[in-house]
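The values are calculated or read from the model by the stated rules, or taken from the named source; none is laboratory data. Bear in mind the structure is a predicted one, so any value in this text is a computation, not a measurement. Backbone-built Cβ (ideal geometry, glycine too); neighbour counts: all protein chains shown.
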Amino acid sequence: MSPHGSTGELVSDWSLLERVVRKDESALSALYDRYSGLVFSEAKRILRDTGAAEEILQDLFFQVWRTAERFDAARGSLAGWLLVAARNRAISRLRRNTGKTEDLDENGVSLRVDLESVAAQNVLLNKVRTVMGSLPEGQRQAVELAYFEGMSHTEIADKTGQPLGTVKTRIRSAMETLKQVLR
Amino acid sequence: MTNGRHIPEEDLPLLAAGALPEEECAALRAHAAGCAECAAKLAEERGRAALLALAATQEKPAPTIKAELFARIRAEGEKEERYRWPAQADKGGESGRALRQVSGQAGRALAGGTNWWNWVLAPLAAALLIAAVVQWREGRRLEAELDGANQHLAEMVKERQRTEMLLDVLAAQDTVSVKMAGMPGAEKATGAVQYSARKGMVMYTAVLPPLPANKTYQLWLVPTTGTPISAGIFAPEERGTKKIWMAEVPVNTEAKAFAVTVEPAGGVPQPTGAKVLVGAVGG
């Protein structure tokens, strides 16, 4: 199904989600087409395992199907929720062997950017890649170890041999740069 | 830890990027849960951090994953339909459909009256009705058994992973054993800790008196410098069992002692209650 309405306009996530609540499979299909690539790529980057990433992808959209009525537009964005939930599940899975299967707070993700169209996604992909590519090596490494490897600042300091304060500053600086670019 | 104050601005990006240790995350999230201002700031920071996902190389999942997703959704729907009969109309289930047909025939046969065929068909239809009910109930029983078996398998896998972790800690070269003794008021209490600083893992057992309502036991790692670090909350073991608890603490934390305190249910970021067990490393 096309993510666009009969008149060609883009159908919003929340309109599609309302239809998913009414068990409209074509609406879920549209949401899947819209976000499956982002979710799958994120999970695969974290787990480096295609099968495990596919499992997380399918479980997440199955959850959307079963519990769509629980999503609250006032609390944030569906795209943001999908990305945070995929990251949390992948990290949780990554750390299963070390026992870090803590409860993960996936609520409340406010995304102030548009990810609903392919064009918007491409613009943001380029922006984020440009930001990451322009960060000093230490900042990029610190933020990647935190986000994609699930390491705490202490673990990052241990791995990189940098003082804890330096690691914290690097992550804050990287996030601030991202904030400035996305503003 | 926030001590009731707002989450420090400098912690928000670290929390959103997943860079804070779980102990700190738990305290900050607990604060945000009750503070609309911090929750809004955190949601915004989380949204920004979520965009880091876009730095990953973009790939498309195999088309079969979508097909499997929708097959799963339909299977789930059919399962729910089956379980709704006979309280609600069973529009999709085979056994329900057969049952309705037989039930209708039996009803018509019994109500027909004058046609002698009814006297032949009525007992036959009734027998078929009973057979269909038996088949439907058997189907439900088998599905319940399958669900139970799947759950059991998941528990076994989880248990195996836990055993591997225990062995991993026990085999670590830096693992130290600490015996904890009961404090005044709980003299009979005992406990033991195995701690690997390199792995940041604590495993422990304890024999303790029953807890009052709304209270929990909480194990603390007392570092050589700094404040105690929570190593988890736990309940006293049941009679005849010997439970081993595991917890993760920041790696390479040098411990000088371990202690167990009685705390409010759910645990606290820093110890507040009475000590019931204490043991010094190397003591």
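Within the range A:106-129, the residues that satisfy the criterion of being within 18 Å of residue A:81 (Cβ to Cβ) and either of a type in the set (D, E, K, R) or in contact with a Cys (Cβ under 8 Å, 6 or more places away or on another chain) (or both) are A:106, A:112, A:114, A:116. Here are the criteria: (1) within 10 Å of chain A (Cβ to nearest Cβ); (2) farther than 29 Å from residue A:158 by Cβ. Tell me which single one residue B:36 does not satisfy. The single condition residue B:36 does not satisfy is (1).
One line per residue, one yes/no per condition, for (1) assigned to a helix (DSSP H, G or I); (2) in contact (Cβ under 8 Å) with a residue 12 or more places away in the chain:
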| site | (1), (2) |
| --- | --- |
| B:7 | no, yes |
| B:37 | yes, yes |
| B:52 | yes, yes |
| B:76 | yes, no |
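On inspection, residue B:168 fails the criterion of being within 30 Å of residue B:199 (Cβ to Cβ) and assigned to a loop (DSSP other than H, G, I, E, B).
Being surrounded by fewer than 14 Cβ atoms within 10 Å (Cβ to Cβ), modelled with pLDDT under 90 and either over 20 Å from residue A:46 (Cβ atoms) or of a type in the set (A, V, I, L, M, F, W, C) (or both) narrows it down to one of B:36, B:30, B:106, B:98, so name that one. Step through it out loud before you land on a result.
On the way: B:30 fails: surrounded by fewer than 14 Cβ atoms within 10 Å (Cβ to Cβ); B:106 fails: surrounded by fewer than 14 Cβ atoms within 10 Å (Cβ to Cβ); B:98 fails: surrounded by fewer than 14 Cβ atoms within 10 Å (Cβ to Cβ).
Only one candidate passes the filter, namely B:36.
In the list B:132, B:206, B:197, which residue meets the criterion of being farther than 26 Å from residue B:276 by Cβ, small (Gly, Ala, Ser) and touching a residue at least 12 places away in the same chain (Cβ under 8 Å)? Criteria check complete, one pass: B:132. Scanning the range A:48-75 for residues that are at pLDDT below 90 and either outside any helix (DSSP H, G or I) or over 30 Å from residue B:40 (Cβ atoms) (or both) yields A:71, A:72. Could you tell me whether residue A:107 is modelled with pLDDT under 90 and either among the basic types (Lys, Arg) or part of a helix (DSSP H, G or I) (or both)? Judged against the criteria, residue A:107 is not a match.
Quick check on residue B:50: is it within 30 Å of residue B:10 (Cα to Cα), modelled with pLDDT of 60 or more and more than 7 Å from every other protein chain (Cβ to nearest Cβ)?
For residue B:50, the condition - within 30 Å of residue B:10 (Cα to Cα), modelled with pLDDT of 60 or more and more than 7 Å from every other protein chain (Cβ to nearest Cβ) - is not met.
Check A:83, A:94 and return the single one that is crowded, with 17+ Cβ neighbours inside 10 Å, at pLDDT 90 or above and not basic (Lys, Arg).
So the residue among A:83, A:94 that is crowded, with 17+ Cβ neighbours inside 10 Å, at pLDDT 90 or above and not basic (Lys, Arg) is A:83.
Please verify whether residue B:213 is at pLDDT below 85 and touching a strand residue (DSSP E or B) at 6+ places or on another chain (Cβ under 6 Å), treating the condition exactly as stated. Taking the combined requirement at face value, the residue does not satisfy it. Would you confirm whether or not the range B:225-238 contains a residue that is loosely packed, with under 14 Cβ neighbours inside 10 Å, under 17 Å from residue B:204 (Cα atoms) and without any contact (Cβ under 8 Å) to a residue 60 or more places away in the chain? There is at least one residue in the range B:225-238 that is loosely packed, with under 14 Cβ neighbours inside 10 Å, under 17 Å from residue B:204 (Cα atoms) and without any contact (Cβ under 8 Å) to a residue 60 or more places away in the chain. Of the residues contained in the range A:138-153, none is found to be more than 11 Å from chain B (Cβ to nearest Cβ), in contact (Cβ under 8 Å) with a residue 24 or more places away in the chain and not in a helix (DSSP H, G or I). Here the range A:155-171 is the region considered, the condition is being on the phi < 0 side of the Ramachandran plot and free of Cβ contacts under 8 Å to residues at least 12 places away in the same chain, and the residue that is farthest from the other protein chains (Cβ to nearest Cβ) is A:163.
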